[in-house]
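Data block below; observations after.
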Amino acid sequence: MMPTNLTLLERKISNNLNCLYFVNHPVYRIQKDHQLVLAPEYSLAGNVTDIICDEQQRYHILFVARKEIVLTEKKVAKVTNNQLGQDTAQFLAALGYQLPTTQPTGELSQPTILPSPAELSEFPSAYVIIDCEFGILFRRSGTAKAINWHVIESPGSRASIFQLSAIGFSHHTQTAPFFNRYFDNPNFLPDKKLAGLAETGLTTVAYEAQGDPLSILKAFIQQVIQPQIPLVFWDQTQDMKHIRLLLAHYYHQLTPAEQQLVSRPVAIFDAQAYTNTLINRGNHKIGNHDLPLNGLAALFNISNPHQHNALWDVQTTELVMIKLAELTRQTPVITATPEPVALPSTVPSALTPIQTISPATAHASHAQVHQLRARGKTYREIAAATGFSISGINYILKKARSIPTRSESV
């Protein structure tokens, strides 16, 4: 069965309002009265571009500016096509939905930030690897003697970028840029600032100056975004989400030229997603594995001495990408059909003696039995010393008594 393109999908969400994905529209939440309201958590995703059902009956929802979502059938409440070609209002009304009557305001009306219609499926030759580290956002209250910290959400998230790092490469050779900045966010806990001071070695004044969010974003736009080379992430989901959030938050403080740069489409290569391609080459089914960067690096015998430091993780991502490129060039080894080993036509009997004992050797062994017996050793002690069984020792000694002496035979 070929993949099917669809127009609309309603997603079941436990303990919350369902989401509606509608091609060429933003994502909506479905209120209890079937009124549609814009879903704030998708404010930076842009419009839905495609809804596709694949051969495994999974639904792929693609967006202008975020990673696709893949849903199984059990998570879908309704899915359909606009086969009659109805206009939007008629089509939604026929399904029982009502569009919002007012236009969105605020951040929902922001231009789409760094749209990426489709991720790259092959290694780019020139690229910049980006990685972020995050800090939880808190609000401080109380007095100097009793300070309280409460988790807050701003803008639209409980966390924000603490460290933003990027290094450029061309054919796995380092180029510009080399970017590494720490955000001095007043809503981070004090230990975040102490960690940033320790990492940079700067004075407090210098650290706060380099950590101004708007200054960091402007430098990031100029050094990383302006060259328009592909952006590479180990897992772009959270990193791009928070980069877009910050750019959207400070959008109106950017120059018109900077606003134009962050509104242009960007090419993204997700290295973690690419591992799925390699793993699934020889598999009988498709799967998403979400392998951790430093765990996979360890399997490749790559040791990162400063894990979860964005700059070191960028460098580790490059080393892992080199290994992935080597694997890409290798043909998968297919497991052979298990079969029993072919045995020889004749098998030696278990009773066949493996070694024959010469008469001289046997005589010497018998003599040892007699010597030990003459010394008063028991049959058990003689057996332990010579290796003969107790019955064998009895036979040797009885045989000796039955042989006539020379005088008797005359």
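The values are calculated or read from the model by the stated rules, or taken from the named source; none is laboratory data. Keep in mind the model is a prediction, meaning the values are calculated, not measured. Because the Cβ atoms are built from the backbone with ideal geometry, glycine has one as well, and the counts that use them run over all protein chains shown. Side chains are part of the model used for accessible areas, which takes the heavy atoms of the whole protein and leaves out ligands, DNA and RNA. Shrake-Rupley method; radii C 1.70, N 1.55, O 1.52, S 1.80 Å.
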Legend entry - 3J(HN,Hα) from dihedral phi, the stretch 203-215, Karplus parametrisation 6.51/-1.76/1.60, rounded to Hz, x for glycine, proline: 6, 4, 5, 5, 5, 5, 5, 6, x, 5, x, 5, 5
Legend entry - Amide hydrogen neighbours beyond the local backbone of THR175, cut-off 5 Å, H modeled: GLY168, PHE169, SER170
Legend entry - Sparsely packed GluC sites (Glu not before Pro) within the stretch 4-67, loop by DSSP, other Cβ within 10 Å at most 11: GLU55
Inset, instruction - Search the structure for amide H atoms under 5 Å from the amide H of ALA77, placed 1.01 Å from N in the peptide plane, and list their residues when 5 or more places away or on another chain. - result: GLU10, ARG11, LYS12
Inset, instruction - Using only Cα atoms, tell me the angle between helix 310-328 and the longest principal axis of the chain; keep it within 0 to 90° and round to the nearest 10. - result: 60 degrees
Legend entry - Using alpha-carbon coordinates, inclination of helix 190-200 to the longest axis of the chain, degrees: 80 degrees
Inset, instruction - Can you work out the accessible area per residue across the chain, with the rest of the protein chains kept in place, probe 1.4 Å, in square angstrom? - result: 59 Å²
Legend entry - Among [x] 29.5; [y] 24.2; [z] 43.2, the entry that matches mean projected area of the Cα convex hull in nm² as calculated here: [z]
Legend entry - Sequence-distant residues sharing a close amide H with THR49 (under 5 Å, placed H): ASN24, LEU62, PHE63, VAL64
Legend entry - Percent accessible area from carbon and sulfur atoms, the chain, protein chains only, probe 1.4 Å: 55 percent
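Given the rule -39500 (n - 2.57) for each run of at least 4 DSSP H residues, summed and divided by the residues of the chain, what is its mean residue ellipticity at 222 nm, to the nearest 500 deg cm²/dmol?
It comes out at -9500 deg cm²/dmol, rounded to the nearest 500.
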Legend entry - Whole-Hz couplings from phi, Karplus 6.51/-1.76/1.60, listed for the stretch 117-134; x for Gly and Pro: x, 8, 7, 5, 9, 10, 4, x, 7, 10, 6, 10, 8, 10, 8, 10, 10, 10
Inset, instruction - Read phi for every residue in the stretch 287-297 and hand back ³J(HN,Hα) as whole Hz from Karplus 6.51 cos²θ - 1.76 cosθ + 1.60, θ = phi - 60°, with x for Gly and Pro. - result: x, 10, 10, 6, 6, x, 4, 6, x, 5, 4
